[in-house]
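Please read the structure below before turning to the comments.
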Amino acid sequence: MEIKILDAALELPFDLADPDDAEKLEAAVDELTDTLVKIESTKGIRQSQVIREEISHTKDWLDKFFGGGSGEKVFRDREDMRTVYLVSHVMRNLNRLYLPELLSSAVQEQLRQYSPERAKRRK
């Protein structure tokens, strides 16, 4: 399944409707958010360093999760905290953003078997 973060299309390596895959996805997203929180709560470092570390970690995480080059693909020349938070938001909300579309396509597939064209073919 393909997802979009900003204008980058990335192939999601998990099936959102599968509970085992959902568990793996949750663990990966927890890893991302936990590390971002740790970076932000580090005492004694300047804000500019926090931003750089969060950008670097998010790029590395994207490369690990979606494959090499994904971090650059998402960030391009937008190396800022907005992109970090957008990546984090999209990943935390994948189920709400993409699962309805996935289930809708499954329902559509089921309904196709009852299409008027099928009735014509059966005659």
Inset, instruction - Compute the distance in nm between two label points, each set 7 Å from the Cα along the Cα-to-Cβ direction, one at Arg96 and one at Asp20. - result: 2.9 nm
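Please give the net charge around Ile3, taking every other residue with its beta carbon less than 15 angstrom from that of Ile3, where Lys and Arg add +1 and Asp and Glu add -1.
In short, -2.
At a Förster distance of 22 Å, what's the computed FRET efficiency of Met1 paired with Glu31, Cβ-Cβ distance as r, to 0.05?
0.60
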Legend entry - Cα-based Lys proximity count in region 1-107, under 20 Å, for pairs eight or more positions apart or on separate chains: 10
Legend entry - Ranked packing of 54-63, 68-77, 2-11, most packed first, by mean Cβ within 10 Å: 54-63, 68-77, 2-11
Inset, instruction - Could you please report the charge total around Lys73, scoring K, R as +1 and D, E as -1 over all other residues with beta-carbon less than 15 angstrom from its beta-carbon? - result: -3
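All of the numbers you see were taken from the coordinates with simple rules; none came from a lab. What you are looking at is a predicted structure, and each value in this text was computed from that prediction instead of being measured. As a convention, Cβ positions derive from the backbone with ideal geometry for all residues, glycine included, and neighbour counts pool all protein chains shown.
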